[in-house]
Amino acid sequence: MMQLSKHELPPRYEPDAGLAADYGVDKDFATGVAETLSVVEQESLMLNLDASLRVHSRPHFFSWTQGMLQSLLRHEALICALRSGEPLSLSVDSFAMNAADPTMLSEAFLRDAPVAPGFLKAWEERRFRPVVCEVDDLSALAGGAFARELDGIGATRLVAHGVHDSDGKTESFFTFACMPGADAHRQAYIAQLVVPFLHSAWIRARMSGRTRENDAPKPAKTSTITPREQEILRWIYLGKSNFEIGAILTISPLTVKNHVQKILRKLNVVNRAQAVGKALELRILTL
C-alpha cells in the first residue's frame, strides 16, 4: 500500500462546467438492463458477487479483482479511493498486474489536480451514475502524470463509479483503467452492479489490515517455494510474460513455464493471478 494513503483534495480547485462535460456528464452510459449481459456473463456476475463476500484481506482483494473479476470487467488497473474525513480527503490504493509500480497510479490520481475532483464532480452531476470517458478526450489531463501512467499500461478508457451515503457524500470511488474495444454501456452497467460489492470488500480488507497490524502472524514457511520460484513470482506480479522473465533471468521461456507450473501446484491455485494473491497472503511474496 502506498505511503501517501491520505491526501486532502485542493480546497480551491473547482472543476468548471466544461471539465464536467469533458468527463462525459452528457453521455448516459448507465442504461443497461439484465439482457445487456449474456447468460455466461450473468453466471460470471453471480460467481463474482459470491467471491466478493469471501474477501477479508488485501491479498484476497488483489486475487479477486485481478483474477475472477477480470472475466466480467476487464481492466489494466483498479484505483480505489476511500473518503477519510472533512474537508474531503481520500485514501487511495491501486491494483494492477501489468504496472511496474501500482503506487505511482495512486499518487498520480491524488496529486494531478484535475483528476479526482473532476471525476467526483462529474459523478455527482450524473446523479451518481457511472462516468465513462476516453483518456484522449480529456483535455484537462493532457500531459499530466496520471495520463502518463495510464499510457504506460495501455489504458485508454476510464470507467468510474462510487458509493455515497444518505446525504449524498462520497464514501468510496473506484476507477477502472481499461483498454479500448469493449462496449461502454456494458462496462457502465457492470460497474453499477459490482461497485457496491467492491466497496464492502475493500472496507473489510482495510479493517482486517488494521486489526492485524499489531498482531501480525509469522511469515509462512517458504521451504516448498525455492528462491528461484520466489523470484519468478515477483516478476509475475510485475506483469512479465514467460518470455520476458526468461530474458531477464537468462533462462529459456520453457524453463520459466515449468517453474510457473510448479508454483501453481505448490500453492494449489489454477492461474498466475491466484498464485500472486496466495503468495501475498502466505507472505511468500511481499509488496
*Which shape class applies to the stretch 227-281: rounded if a/c is under 1.5, otherwise prolate when a/b exceeds b/c and oblate if not, where a ≥ b ≥ c are the square roots of the Cα gyration tensor eigenvalues?*
prolate
*Quick one: grab the alpha carbon gyration tensor of the stretch 60-193, order the square roots of its eigenvalues as a ≥ b ≥ c, and give me rounded if a/c is under 1.5, else prolate or oblate depending on whether a/b is larger than b/c.*
rounded
*Hey, rough spin-label estimate for S71 and D167, points 7 angstrom out along Cα→Cβ, what's it come to in nanometres?*
4.2 nm
_Packing-based order for 137-144, 235-242, 164-171, using average beta carbon neighbours within 10 Å, highest first_ = 235-242, 137-144, 164-171
*Per-residue HN-Hα couplings for the stretch 265-274 [Karplus 6.51, -1.76, 1.60; θ = phi - 60°; Hz; x = Gly/Pro]*: 5, 5, 8, 6, 10, 10, 8, 5, 4, 5
_Give me the count of lysine pairs in the stretch 227-281 whose alpha carbons sit under 16 angstrom apart, restricted to pairs 8 or more positions apart or on different chains._
4
*Could you size up the charge dipole of the stretch 227-281 around its Cα centre, putting +1 on the beta carbon of Lys and Arg and -1 on that of Asp and Glu, and report it in debye to the nearest 20?*
160 debye
*Any chance you could run the full-extension gain for L49 through S89? It's 0.36 nm times the residue separation minus the Cα-Cα distance, nm to one decimal.*
11.5 nm
*Would you please give the residues with an amide H less than 5 Å from that of E171, counting only those at least 5 places away or on a separate chain, with H modeled from the backbone geometry?*
V163, H164, D165
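Every number here is computed from the coordinates shown, using simple stated rules; none is lab data. Note that the coordinates shown come from a computational prediction; the quantities given were computed from them, not determined experimentally. Glycine also receives a Cβ, built like all others from the backbone with ideal geometry; neighbour counts cover every protein chain displayed.
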